[in-house]
Every structure is written in C-alpha cells, then in structure tokens.
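A quick write-up on the structure given underneath.
Just so it is clear, none of the values below were taken in a lab; they were calculated from the coordinates. Predicted, not measured: the structure shown is a model, and the values here were computed from it. Glycine gets a Cβ as well: all are built from the backbone with ideal geometry, and neighbour counts include every protein chain shown.
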Amino acid sequence: MQKHIQSPPKVCGKMCYVLMKPSLNFLTVSLVCEPNGAQADEELVWLRNGALINLKEGNDKGHSSVCVTPVIHEDNGAIFTCSLSKNSSASASVTLNVTCNYLFVPLLPHGPNLFGSEEVTVEEEAVLLLQCDTLANPPVSSVSWTVNGSKVNLEESGMAETNDGFKSKLTANKVERRLHEGTFNCSAVSSMYGVHTKTFYVKTIKFPLMPMIAGLVVVGLTALLAVLARWQRIMRVTHETLGKKGKPNISKLHF
C-alpha cells in the first residue's frame, strides 16, 4: 500500500511532521492512500485513532484521501489508518498507519491578544491576573516573568506564579500602583523555537469611591423626598374622602 502526504509536513517513515507557526492560522494536512494493485471499485476506509472517518461519495474507491483542517493542538499524535474494507476481495490486513506529530511554538494565537502584546487596566486593590499560553511541542524548557526589565520578585510584589504546562499565570490579589503598574513580559524558552515573549502593559486606576458615595446619597435623598411627597398626597386624599363620608345629608333627614 502506498501513501502520500500532501501539503507542508516533513515525511519520515510512517510519521509526518507539521510545523505550526503563528502565521499559519488555518494549516491543512492532506493524507492520500493508494493500495498497490487495488481495483478501481475496491472500497477503502479511514480511521482516526480507531474511529471511522466519514468519506464523501467517490472518495472511497481505489484511491482515497483525508484532509485535516484546520490543524489544532489536539491533533498532535493522532493515528490515521487506511485499509481495504472488509467487503473487499483483497486482504483486509493491508493497513497503513500514519502518525502525525504536530510541532507548534508556544504563545500561539488561540484568540485575540494571546500573542504579542496586551494592554491591561486594573483598579487599585482589585485582583490582577496575567496569563500566557505556554503549550508547545516539544515542551518549553522554561518560562519566566519580568516587570520593567527586572525579574518579578514574588515576595516583594505579593504576586503568585503558577504553570500547569498549558498556561503560565501571574496573580496579585490586591493591586498597588507602586508594585504592579508597568510592563510585564512572559518569556517561554524552547530548544527548537528559541525565545517567544508576550508583553502586558499594566495600568492601575483608583476606584472613584467618593463620587460614587455622593451619587448614591443624591439618589437616596431624591427617592426619599419622592416617597414623602407621595405619602402626603395619599394622606390628604384619604382625609378628604373620610370627611365627605362623615358629613350628614340634611335633605334626607325627617322630623
């Protein structure tokens, strides 16, 4: 059984190597299966990690191909199997396995502002969370954080750093301008791809407490005056109604 791998990947035996770069947002990999000596009407089947792939009509007779698009991180290590159908007259044991090893750099763009730089505005005494995507294949060797060109001192800044292999996070539970305002860099080091960095421009602002309190006082007083005015009107109407009901009707009195 012959196979071809069309599109960018490097082929090595039964492995295909695909390098995913930040500019390749919609990378496509095509796998082609051509059984030696197969009849034009012999049926072929494709499996991905043991699960049957639905093929379009005409793409399963004598020559078949599958297309992976877009390639994502979850496709790494996927095993594609092409074989003759059990309904074929030829041996069903003729099988080709191709494992695709997708190589991707850290800090790949999974959404807006996940590669390059990001502006962050946070209120003082609020929680600050900075995170960058460090998932890569092969894995990155190290991740480091700097602020204004110097390594982040976790003890002095009151910050905490965590890394689960997918994302590196830097957190401050209570923001202070003198400690947390500035330029933060998250740098991931890879033996294959070098250093990749994401930059965060953090700006702190004071929560407008006094104007907020003044506004709430004004709103509260206005509501209270409205309720009092409404109550006075209700009481006046009630007294007038009771006065009319209590006054005797002289025209209906008999002596």
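Above 21 Å lies some portion of the pair distances; for segment 117-205, what is it as a whole percent of all C-alpha pairs? Counting pairs separated by more than 21 Å, the tail of P(r) holds 27 percent. Here r is the Cβ-Cβ distance between residue 85 and residue 141 and R0 is 41 Å; the resulting FRET efficiency, rounded to 0.05, is 0.35.
Partners of residue 174 within straight-line reach, counting aspartates and glutamates whose Cα lies under 12 Å from its Cα and excluding those fewer than 8 residues away in the same chain: 123, 124, 125. Note on residue 198: aspartates and glutamates with a C-alpha under 17 Å away, same-chain residues under 8 apart excluded, are 118, 119, 133, 161, 181.
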